[in-house]
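The values are calculated or read from the model by the stated rules, or taken from the named source; none is laboratory data. Quick caveat: nothing in here was measured; it's all calculated off a predicted structure. Positions of Cβ are generated from backbone atoms using ideal geometry, with glycine treated the same way; all protein chains shown enter the neighbour counts. With ligands, DNA and RNA removed, areas are computed over all heavy atoms of the protein, side chains included. Shrake-Rupley method; radii C 1.70, N 1.55, O 1.52, S 1.80 Å.
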Amino acid sequence: MLAFFIRRFMQAIIVMFVISVVGFAIQDNLGDPLREMVGQVVTEAEREVLRDEMGLNDPFFVQYTRFIGNALQGDLGTSYFFKKPTLDVIFAKLPATLELVLGATLIVVLVSVPVGVYAAIRPQSWFSKCAMAFSTVGISIPVFLTGIGLIYVFSVELGWMPSYGRGETEQVWGSWRTGLTTADGLLHLILPSITLSSLMLPLFIRLIRAEMSEVLQSEYVKFALAKGLNPMRIYFLHALKNTMLPVITVGGVQIGTMLAYTILTETVFQWPGMGFLFLEAVNRVDTPLIVSYVIVVGAIFVITNTLVDLIYGLVNPTVKLAGKSA
Amino acid sequence: MSHASESVAIAQSVDAAPSRWEKFKESHYWHSFKKDRVAQISFTVFVLFVLAALFSPLLAPTDPYDLASIDIMDSEIPPSWSEEGEDRFWLGTDAQGRDLWSTILYGTRLSLIIGVCAVLLQAFIGIVLGLTAGYAGGRVDSFIMRCADIQLSFSTMMVAIIFLAVFQAAFGSELYQRLALIMLIMVIGIAEWPQYARTIRASVLAEKKKEYVDAARVMGFGSGRIMFRHILPNTLSPILVISTVQVANAIITEASLSFLGLGMPVSQPSLGSLIASGFEFIFSGSWWITVIPGIALITLVLVMNLLGDWLRDVLNPKLYKG
């Protein structure tokens, strides 16, 4: 067990190391920090002195060590545009993105579980067939088109829903502003959440249906049915538990995918989150902000993947935790 | 007597060896295709798309890349069946006055080129690494597959967005727009190789134990020859199945990247960048610039996914479920 933890932990550290090298390489090659600071008027000789003072002429390894040292202390540089530490800028936008992911996750869980289970119990009913047809079509629609379609129908034609922004937000704690506590904020959250969830829904409906049909064939379900237990209790309590293992793994990997697609969703809905911030930073060639985003997002990926693996190892007793080659 | 007639029958069948086409007509692929209405329709639509892409310069009434033929006064004309539409442009025009029908034809061509080339690159890298991992085994195997796992844990979209964004910031948008086609193919191609590597490796592990591989080894053939000439042909059906779906995914990825402004430029639009350029005008009521290319994109991807489903059912390969 301990060996499994340690190996997984080592892998996470190696991956973070690679990400930091990539981040540093971006910083090293993209733009000239000196020009951002002093502009064009300073002479070449003065530049050279400044370069030496800032350590820009040091060997790659020395610069990288300094970069890592600062990063470990939570200093990833200062944004050229916002004139503030990049981590502060990113963490100010993080709540918006997290709320979006939370909303989408809620929709995915609340819709895909009942629909998937029903489609497994009654595969021949028209509802199940519609659900499966919907999931095939759903996989083929790019996320941004779902968003555009929703905006066109509900905002432009019907005028029921706001088409951009977060609406009214409230200060909760520090720089953490949430839209979840106001009616306006919740209304703004609906369309973006549906858009983001449209990516995962077809996948999860299919997955839960497939796993559930397999479990329904097993002896213990047949026995419970024969014993006369309430079918609902069997389906949602006994059978569902055993379909959740693969769902956890796939779900964990998909958290990362969702994070990537928040960039698309945020662009469509002008949602002021991290992804939107990143694209703005790219257009302004705000190197420190780009690098910080890469590192923060990389860290989120690594942490979630490691946690999912560990949880999977704990939940599934058949995983060979101490195995030499998993 | 019976023995003689049998040998005659064999001799006849050797004489009239069935052509490939006849063999194909007898096979169960063709039978299953004849029964499956969905597969037939998707195949027809897909072929139409491919033909439209191949012959777009002939089919398109105007050349959307030719700035001289575009008149800005023609911009945002609705499709010809609506009240304000004009007969010259049956699907209307976009914000720059380009004929939408021609632009969609050229855009489909670009989307398909990027999708197919990216998947060829994926397949090449994935096949080489997957074969090596499966055949060599041991440390090489675990190293390659660990890399594949790690790469898969980062979503393709994220990797592609970050790389293209950094390249765009580094090159400046002008140079980037000229390189966009190659960059898209490279990034989508490199980001998805683990899909192929995993599939191939799983089949190789199954094939490696078979006797013909032992026989080849005993005859003294080198590893490279055994891998590519003997094992690879036997792993082709899973490759075929994932390829259809991968091309569909690559087209979606390309469209999404172009939508973000990281893909094809507006002057040379793929379906994704065409949709992106129309998105600004959807609020002012010019729905067709977004909706019509959107429908084209969804149809193209949908028929490819349906074909992929059908192929998977027919070939029924043991796909690696990871």
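Quick notes on this structure:
- Principal-axis tilt of helix A:287-315 within chain A, Cα atoms, nearest 10 degrees: 30 degrees
- Estimated buried accessible area (total), pair B and A, 1.4 Å, Å² to nearest 100: 3300 Å²
- Look at the Cα gyration tensor of chain A: its axes a ≥ b ≥ c give a/c of at least 1.5 with a/b at or below b/c, and that counts as oblate.
- For segment A:198-214, backbone phi angles converted through the Karplus equation (6.51, -1.76, 1.60; θ = phi - 60°) give residue-by-residue couplings of 4, 5, 9, 3, x, 4, 6, 4, 4, 4, 5, 4, 5, 5, 5, 4, 5 Hz, Gly and Pro being listed as x.
- For the protein assembly as shown, calculated [θ]222 nm from helices alone, where every DSSP H run of n ≥ 4 adds -39500 (n - 2.57): -23500 deg cm²/dmol
- One equal scatterer on each Cα of segment A:184-326, no solvent, Debye formula: the resulting log10 I(q)/I(0) at q = 0.12, 0.14, 0.19 Å⁻¹ is -0.72, -0.87, -1.15.
- Cα gyration tensor shape of segment A:88-273, rounded if a/c is under 1.5, else prolate or oblate by comparing a/b with b/c: prolate
- Two-site label geometry, A:Val21 and B:Val50: point separation in nm, points 7 Å out along Cα→Cβ: 4.2 nm
- Lys pairs, segment A:88-273 - Cα-Cα below 27 angstrom, 8 or more residues apart or on other chains: 4
- In loop segments of segment A:39-131 as defined by DSSP, the trypsin sites (Lys or Arg not before Pro) with at most 14 further C-beta atoms inside 10 Å of their C-beta are A:Lys83.
- Checking every one of the trypsin sites (Lys or Arg not before Pro) in segment B:198-237 against DSSP loop status and a limit of 15 other Cβ atoms within 10 Å picks out B:Lys209, B:Lys210.
- Chain A: angle of helix A:86-121 to the longest principal axis, Cα-based, in degrees nearest 10: 10 degrees
- Proximity of backbone amide H atoms, modeled 1.01 Å from N, is registered between B:Thr93 and B:Glu76, B:Ile77, B:Leu100 at under 5 Å, excluding neighbours fewer than 5 places apart on the same chain.
- Protection-proxy order for peptides A:250-259, A:151-160, each taking the mean of Cβ atoms within 10 Å per residue, highest first: A:250-259, A:151-160
- With a Förster radius of 30 Å applied to the beta-carbon distance between B:Ala215 and B:Glu26, the computed FRET efficiency rounds to 0.50.
- Averaged over the residues of B:256-264, the number of partner chain Cβ atoms lying within 10 Å of the residue Cβ comes to 4.
- Threshold 20 Å² - residues in segment A:136-154 whose accessible area is reduced by that much or more when the chain is no longer isolated, probe 1.4 Å: A:Thr136, A:Val137, A:Ile139, A:Ser140, A:Ile141, A:Pro142, A:Phe144, A:Leu145, A:Ile148, A:Ile151, A:Tyr152
- Mean-square fluctuations from a GNM of chain A, with a 10 angstrom spring cutoff on Cα atoms, peak among A:Gln63, A:Gln217, A:Gln27 at A:Gln217.
- Under the convention that each Lys and Arg Cβ holds +1 and each Asp and Glu Cβ holds -1, the size of the dipole of the protein assembly as shown around its Cα centre is about 3280 debye.
- Placed amide H near A:Met161: partners under 5 Å, 5+ positions off or other chain: A:Ser155
- Basic side chains Lys and Arg get +1 at the Cβ, acidic Asp and Glu get -1 at the Cβ, and with that the dipole of segment A:88-273 about its Cα centre reaches some 760 debye.
- Computed from Cα positions, the angle between helix A:2-29 and the longest principal axis of chain A comes to roughly 40 degrees.
- Note that segment A:64-74 has calculated 3J(HN,Hα) couplings of 5, 4, 5, 4, 5, x, 5, 4, 5, 8, x Hz, one per residue in order, obtained from phi through the Karplus relation 6.51 cos²θ - 1.76 cosθ + 1.60 (θ = phi - 60°); glycine and proline are x.
- Tensor-based shape of the protein assembly as shown (alpha-carbon gyration tensor, a/c under 1.5 rounded, otherwise prolate or oblate): rounded
- For segment A:257-292 versus segment B:143-165, the gap between their alpha-carbon centres in whole angstrom: 18 Å
- Residue-wise HN-Hα couplings along segment B:256-269, as the Karplus relation 6.51 cos²θ - 1.76 cosθ + 1.60 with θ = phi - 60° gives them from phi, are 5, 5, 5, 4, 6, x, 9, x, 5, x, 5, 6, 9, x Hz; Gly and Pro carry x.
- Taking label positions 7 Å along the Cα-Cβ direction at both A:Ile14 and A:Tyr164, the computed distance is 4.6 nm, reported to one decimal.
- Only one residue of A:Leu145, B:Val45, B:Leu184 has its Cα farthest out toward the positive end of the dipole of the protein assembly as shown, where Lys and Arg carry +1 and Asp and Glu -1 on Cβ, and that residue is B:Val45.
- For segment A:82-97 and segment B:264-290, distance of Cα centres in Å: 31 Å
- Residues whose amide H falls under 5 Å from that of A:Thr78, counting only those 5 or more places apart or on a different chain, are A:Thr86, with hydrogens built in the peptide plane.
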